[in-house]
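Heads up: the structure comes next, in structure tokens.
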Amino acid sequence: MRIFSGIQPTGRKHLGNYIGAIRQYVEGQDRGDPAIYCIVDLHAISVAWDPAELRSNLYDTTAILLASGLDPDRCVLFRQSDVREHTELCWLLSSVTSHGDLNRMHQFKDKSSKQRELVSAALFFYPVLQAADVLAYRAEEVPVGEDQRQHVELMREIARRFNERFGEILVEPDHRIPEIGARIMDLQDPTSKMSTTGGSEQGTVYVLDEPAAIEKKFRSAVTDSGQGIVRGEGKEGIANLIEILSVIRGLEPSAIEEEFASAGYGDFKSAVAEATSEFLAPVRERYSEIRPDEKALDEVLSAGAERAAEMASVVLDEARSAMGLGPGSG
Ligand code: AMP
Ligand code: TRP
């Protein structure tokens, strides 16, 4: 089973990224043949960015992934811009991508409405590059959070169109969205997802937050004026905390509801804060050991890029040739 996923180099990865995506990456290492994980710096330049910050954020994200348990001996971990095949395949796929489909992408609508200066063509093309990321490896499975469902649907559609026209060259991938924790919500606004850009600072728990900060954020989490540790209508805040604790403890949400049946909100919030703190502490500690050695991080990334390019170039050669590009073989 070939597994592929991508993550943006935003440096400040949060609990939603960890629960929705990173923990699945780690789990995928043992099933992946191989598991391929890409830090998508080319996607990051679709909105305003600072070049020096981008490079530094890329190291941050690499170190977070390694600290979370990615092992370069058991997966392929690399930087997107190191493997030129992604951008080339993006252009090839754009010829079978419908403009109307791109116009329907929720993420494009959200992000374009938030740009203050330029709404770049790159932002519009973002899902085509994402399709190229996955299709260049003939990956079968794409671990992501709920917000990426539409992008994975689109890459399936692109692969289907490409194959209808040029032969069975690409593989239609399936998403792997976790049953619990696919959409962790902002602690201050439990009706919107936890996010690096759109969310509130106080409602976003970062993987690298100190225990005191984590406790403060959970203590001030917005809930409701009722009582009862249960999921349901009007209980989005409590439901979000139940999901978080259920993932951390590896239990069903209903088991959490039973355990806290007679607890008040204050005690429940403290329990979630403590569990989250303990859960993230080892990652934060390993991160502080790994992050300073940028040379070692570069070595990991370039070894990964070499393996990735080897795989992607096979697919690119076939795609180019089937499309009538370059010299013929006879
Ligand atoms: P990004 O940081 O946007 O590259 O996201 C990396 C991964 O985290 C993607 O697979 C997202 O679907 C996932 N993700 C982002 N936000 C959340 C969230 N609030 N809950 C669960 N998963 C998320
Ligand atoms: N768009 C994804 C996100 O914002 C990141 C991403 C880029 C990705 N390329 C990918 C995810 C390929 C899965 C597969 O989270």
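Some values worked out for this structure:
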item	result
Residues of segment 1-40 satisfying the condition of being more than 11 Å from ligand 1 (Cβ to nearest atom) and assigned to a helix (DSSP H, G or I)	26, 27, 28
Pair list, Cβ under 6 Å, 6 or more apart: segment 76-97 residue more than 10 Å from residue 136 (Cβ to Cβ), other residue of a type in the set (Val, Ile, Thr) and open to solvent by less than 20 Å² (accessible area, probe 1.4 Å)	76/36; 79/39; 80/40; 94/128; 97/128; 97/158
Tally of residues being open to solvent by less than 50 Å² (accessible area, probe 1.4 Å) and in contact with a Ser or Thr (Cβ under 7 Å, 6 or more places away or on another chain) across segment 219-250	4
Unique residue being in contact (Cβ under 8 Å) with a residue 24 or more places away in the chain, closer than 16 Å to residue 284 by Cα and open to solvent by 40 Å² or more (accessible area, probe 1.4 Å) when the list is 31, 2, 12	12
Hits in segment 143-174 - residues which are closer than 17 Å to residue 131 by Cα, assigned to a loop (DSSP other than H, G, I, E, B) and either touching a residue at least 24 places away in the same chain (Cβ under 8 Å) or open to solvent by less than 10 Å² (accessible area, probe 1.4 Å) (or both)	144, 145, 169, 170, 171, 173
Residue that is least open to solvent (accessible area, probe 1.4 Å), among those in segment 175-213 that are more than 12 Å from ligand 1 (Cβ to nearest atom) and of a type in the set (S, T, N, Q)	200
Residue count for segment 73-94, restricted to those that are surrounded by fewer than 16 Cβ atoms within 10 Å (Cβ to Cβ), of a type outside the set (Val, Ile, Thr) and either touching a helix residue (DSSP H, G or I) at 6+ places or on another chain (Cβ under 9 Å) or part of a helix (DSSP H, G or I) (or both)	2
Pair list, Cβ under 7 Å, 6 or more apart: segment 183-204 residue in the same structural domain as residue 148 (by TED's automatic domain parsing), other residue of a type outside the set (Lys, Arg)	none
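The values are calculated or read from the model by the stated rules, or taken from the named source; none is laboratory data. Remember, predicted model here, so these are calculated numbers, not experimental data. Methodologically, a virtual Cβ is constructed for each residue, glycine included, from the backbone with ideal geometry; neighbour enumeration extends over all protein chains shown. Ligands, DNA and RNA are stripped out before the accessible areas are found, and what is left, the full protein with its side chains, is counted by its heavy atoms. Shrake-Rupley method; radii C 1.70, N 1.55, O 1.52, S 1.80 Å.
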